[in-house]
Amino acid sequence: MGTRVLFLYSGLGVGGAERQLAALVPKLRDRGFEPFVATLRVRGRFYDELAEEVPTSFVDMRSRWDLRGAIRAYRLWRLRPAVVVTHSVDAQVLGQVIADRAGAAHVTVEQGGVGIPRRRHRALLTRLVAPRADAVVAVSPSQLPDLRGLGYRADAVRVIPNTVPSLRPARSRAEVRAELGLEEDDVVAVLVAGLRPEKRPDLFVDGVSRARAKDPRLHGLVVGDGELRDAVELQVEQTRGAVRMLGERADVLDLMGAADAVCLTSDVEGLPLTVLEAMSVGRPVVATDVGGLRDAVLPGRTGWLVPAGDAGGYADALLELAADPGRAREMGEAARRRYDERFAMDAMVESYAQVLAELARGNGPPSTAITR
């Protein structure tokens, strides 16, 4: 019998944390762990994927105050996990209760970037649970002050950088560009992000528009969905073709492969998977200089980092990209090498496996922080 681990998430829809879990769980199973995945509010795309590989359960909580749903979640203690792994505040609170009843260790994963806004009640609930967590996984050292401020113990923090599997686009650059009506010498920047306020898609559209006014070869593509979609679509319409909205797509890697740069314009980030995926397919990154972006992007070597909120600076970076295609290709190649050296999937799996194994043995958190 392997070590049973309960992964409890609010949902497994589209998102970086959810994608990370979907990649991690099967590999932990292959290393002898017995993962069980449960979601509280929604199943989601990655739930369906994982259900084909490991045991799963959908709790179907209607709200945070759904007592019957909370009781259904509490009964997961009967699985007798050795470790409970949680993400997001509702799962953190219920996961701590389940862990206490089962005599299990509790590990929570914090993917949020530095300064990410938290509603007051969410912050209070996190501060209630944080001191009791046996370990908290951060994805970047930049998160450490915020985690301490939330009440996590310094000796409980483990830094395990995000990674993504090494993948390749399914279709050629030429094929995807032809489908989009793009010429070979067009310079294409693609934003791949959830359309939420902290992701600042408006900054991307503004930056591309400014750059396009000086270099008509520049084109912007927005890939993603979210609460700001209507506002972004209206802004895109006003660019007169400089930027196109593609919405949520299943062929994100193909679109990255067809682009000349992959972009992020966030105000806050941890270590976003979009950047790692861009590196894995050999594309330079143009991003705002926030959170853990410097852990991945080497300015001037694998991409550009621009101050948050600086549309003019973002436009300048895009113009620099367009001015020297050869250098942009070299930066993409360097990004791919950096991915191979620092963000290979096996390293992340090994780090998680070590934390879970040591906690399951009842030794408490590992004596030294795991960092790469």
Original post:
Taking the stated definitions as given, is R64 among the charged types (D, E, K, R), buried (at least 21 other Cβ atoms within 10 Å of the Cβ), outside any helix (DSSP H, G or I) and outside the structural domain of A250 (by TED's automatic domain parsing)?
Top reply: no
Original post:
Name the residues in the stretch 33-45 that are at pLDDT below 95 and either surrounded by fewer than 18 Cβ atoms within 10 Å (Cβ to Cβ) or not in a loop (DSSP other than H, G, I, E, B) (or both), would you?
Top reply: V42, R43, R45
Original post:
How about the stretch 212-266: which of its residues are more than 21 Å from the chain's Cα centre (by Cα), of a type in the set (K, R) and either under 25 Å from E333 (Cα atoms) or surrounded by fewer than 23 Cβ atoms within 10 Å (Cβ to Cβ) (or both)?
Top reply: K214, R217, R240, R244
**OP:** Give just the number: which of (1) outside any loop (DSSP other than H, G, I, E, B); (2) charged (D, E, K, R); (3) buried (at least 24 other Cβ atoms within 10 Å of the Cβ) does E269 not satisfy?
**Re:** (1)
Subject >> The one condition in (1) over 17 Å from T3 (Cβ atoms); (2) surrounded by 21 or more Cβ atoms within 10 Å (Cβ to Cβ); (3) within 22 Å of the chain's Cα centre (by Cα); (4) not β-branched (V, I, T) that D48 fails to fulfil >> reply: (2)
Subject >> strands (runs of 3 or more DSSP E) enclosed by the stretch 134-252 - at least 1 residues per element that are in the same structural domain as V286 (by TED's automatic domain parsing) >> reply: 187-192, 218-223, 243-247
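The values are calculated or read from the model by the stated rules, or taken from the named source; none is laboratory data. Remember, it's a predicted structure, so these values are computed and weren't measured experimentally. Ideal geometry is used to build each Cβ from the backbone, glycine not excepted, and the neighbour counts take in all protein chains shown.
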